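Data block below; observations after.
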Amino acid sequence: MNIALVWASNDTSKYGNKILHNLLSKWHLVLPVNPKEDFIETIRCYKSLSEIKNKIDVINLVTPPKVTLEVLKEALNLWYKKVWCQPGASDENIIEFLKENNFDYIADACIMIENIRKLD
């Protein structure tokens, strides 16, 4: 599965890095997105979803709600409708936006613990 990981991080203490390694260990293609990074470790990092040329199956958000909403608007414009909001990435406004725009989503669940196949 191709997973865009928004706010991937080089900081090994952050979930954006822990999730990256967890998904890679499960043989997923992880496409890191972080406007402040060129690489996450040795993996090319994209500044935004629109830079990614690969097919994206799921967008995983490790962002604060304000950033999450902006990323979701970009995803909607790019016709991506499958998203996974990590705990802390969503709030009532995010859930309302997801529902109003018919996203297939999981919110407030950790992608490292839950089965990603829930979005298949």
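Worth a mention:
- Any pair with Cβ under 9 angstrom, 6 or more apart, that starts in segment 46-74 at a residue that is of a type outside the set (D, E) and ends at one that is at pLDDT below 95 and outside any loop (DSSP other than H, G, I, E, B): V58/I116; V58/L119; N60/I116
- Selection count, segment 90-112, where residues are outside any loop (DSSP other than H, G, I, E, B) and over 22 Å from K14 (Cβ atoms): 10
- Restricting attention to segment 78-89, the residues that are over 16 Å from G16 (Cβ atoms) and in a loop (DSSP other than H, G, I, E, B) total 4.
- A single member of N10, N22, N54, N60 is surrounded by 15 or more Cβ atoms within 10 Å (Cβ to Cβ) and either in a loop (DSSP other than H, G, I, E, B) or of a type in the set (A, V, I, L, M) (or both), and it is N10.
- Pairs, first within 14 Å of W84 (Cβ to Cβ) in segment 5-24, second in a loop (DSSP other than H, G, I, E, B) and of a type in the set (F, W, Y), C-beta under 8 Å, six or more apart: G16/W7
- Among the residues of segment 27-45, those identified as of a type in the set (V, I, T) and surrounded by 12 or more Cβ atoms within 10 Å (Cβ to Cβ) are V30, V33, I40, I43.
Okay, residues lined up against (1) within 10 Å of the chain's Cα centre (by Cα); (2) among the basic types (K, R); (3) under 12 Å from W7 (Cβ atoms):
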position: S48; (1), (2), (3): no, no, yes
position: K53; (1), (2), (3): no, yes, no
position: D57; (1), (2), (3): no, no, no
position: T63; (1), (2), (3): yes, no, yes
position: E70; (1), (2), (3): no, no, yes
position: A75; (1), (2), (3): no, no, no
position: W79; (1), (2), (3): no, no, no
position: K82; (1), (2), (3): yes, yes, no
position: Q86; (1), (2), (3): yes, no, yes
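- Within segment 38-45, the presence of at least one residue that is outside any loop (DSSP other than H, G, I, E, B), charged (D, E, K, R) and either under 25 Å from N101 (Cα atoms) or free of Cβ contacts under 8 Å to residues at least 24 places away in the same chain (or both) is confirmed.
- If the condition is being more than 16 Å from I111 (Cα to Cα) and either in contact with a strand residue (DSSP E or B) (Cβ under 6 Å, 6 or more places away or on another chain) or among the β-branched types (V, I, T) (or both), then segment 57-67 contributes only V67.
- Matching entry among L61, L49 (being at pLDDT 95 or above and over 15 Å from N17 (Cα atoms)): L49
The values are calculated or read from the model by the stated rules, or taken from the named source; none is laboratory data. Fair warning: this is a prediction, and the values are worked out from it, not measured in the lab. All Cβ positions, even for glycine, are placed from backbone atoms using ideal geometry, and neighbour counts span all protein chains on display.
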